[in-house]
Amino acid sequence: MTARETWPPAPAHTVPPLACSRAFPATAPQVREARRFLAGVLEGCPAADDAILCISELAANSCLHSASGKAGGTFTVRAEIHERDYVWIEVEDSGGPWERRAHPDGRPHGLDIVRALAADSGIDGDPLTGWIVWARIDWQSASGPTR
């Protein structure tokens, strides 16, 4: 066997990501429950604090700014843990118009906070079928961020 045939080395053991999801009624108290849900899933994960803050912002946005906030509406939280690499989180809502709002207080809000904490983030979907807002939070070691 030549060096070319063995390079790059195959990973010793590839662990599939842990994936989970849960739907919540789109009410303000359920944002806390979404945080609690994600905290349980990410227990011991070095990216947990950033991911929980991001999911809080995304869930609150879905309750306040999407059609999910109407009576009986819901939002869905999804997470994938890619061990030692990153955490993928997303919130899916029921759609509605997308309106970017300026905040006169000059502080970051909602998606500004998510963009500051995430290695990458985005918005998929449309007003009719619903929005999926996602973020990738890179894994962090005890010695600091890997970004």
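The table below gives the values:
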{"item": "Taking the range 11-77 and dividing mean pair separation by its residue count, relative contact order in percent (alpha carbons under 8 Å, at least six apart)", "result": "47"}
{"item": "Listed peptides 62-73, 18-29 by packing density, highest first (mean Cβ within 10 Å)", "result": "62-73, 18-29"}
{"item": "Spin-label model distance (nm) - ILE123 vs ALA19, 7 Å beyond Cα toward Cβ", "result": "2.5"}
{"item": "Whether the range 26-78 is rounded, prolate or oblate, judged on the alpha carbon gyration tensor where a/c under 1.5 counts as rounded", "result": "prolate"}
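Throughout, read-outs are computed from the coordinates displayed, never taken from laboratory work. Not measured: the values here are computed from a predicted model. Every residue, glycine among them, receives a Cβ derived from its backbone with ideal geometry; neighbour counts consider all protein chains shown.
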